[in-house]
Amino acid sequence: LEMACFLSEGDTSAYSFHTSSYIINAPIETTWKAYKTVSPTHKTGKKDFVSFGMLYSKSENIIYYPTDDYNGMNDMQTVFWNLRMMGGLVKISVAQTINNINDIQKSFRICYLQKGVSQGTQFIKLEVTADGKTKVTHDTYFKSHSKTRDKRLYPKFHEKAIDEFHEMVKEYAERKV
């Protein structure tokens, strides 16, 4: 599974950019542990837009299914997600590879797959706020073969998906405090 990463070097004009930030009411170590250990099958109790399909761990050469125990985030895990759009009338699958997990900087990168509709990279970084909470910044560089898709469709669905993901981690981390 080849990745198509944007590495933050060179010409960025071909990519669209999206950024979001989240505040989690938990210390950074607790929040970082939550990002690394929360199962992709964990539910928030709401009707999910994104659901877990399966995960391939290249380092372990193992496929994880929704019913398997999750051993935590590792470099070169490819996660397959199912997206429910238009109230579930449209369902699409996407896959992304997690890499560059940095325990010191509390950051990781998610790359799109080479043969996917979109190419790009998501950068997730945690930092401590002045009042001891955790601020999570999620920056995304993306492109496809359609400027209309990149400007009108992708941002809306991307934001919904990442909001759901970060809400799941937030709920998990705040329960651990």
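The values are calculated or read from the model by the stated rules, or taken from the named source; none is laboratory data. These numbers were taken from a predicted model, which means no experiment stands behind them. Note that we place each Cβ from the backbone using ideal geometry, even for glycine, and neighbour counts take in every protein chain shown. Just the protein is used for accessible areas: all its heavy atoms, side chains included, with ligands, DNA and RNA removed. Shrake-Rupley method; radii C 1.70, N 1.55, O 1.52, S 1.80 Å.
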Of the residues in the range 52-89, how many are touching a Leu at 6+ places or on another chain (Cβ under 6 Å) and among the β-branched types (V, I, T)? 2
Could you tell me whether the range 98-112 includes any residue that is in a helix (DSSP H, G or I), aliphatic (A, V, I, L, M) and open to solvent by less than 60 Å² (accessible area, probe 1.4 Å)? no
Kindly indicate the residue of the range 134-177 that is within 12 Å of the chain's Cα centre (by Cα) and open to solvent by 40 Å² or more (accessible area, probe 1.4 Å) and also farthest from K91 (Cα to Cα) among those meeting that condition. D139
Looking only at residues that are open to solvent by 70 Å² or more (accessible area, probe 1.4 Å) and under 18 Å from the mean Cα position of the chain (by Cα) in the range 22-35, which one is farthest from K151 (Cα to Cα)? K33
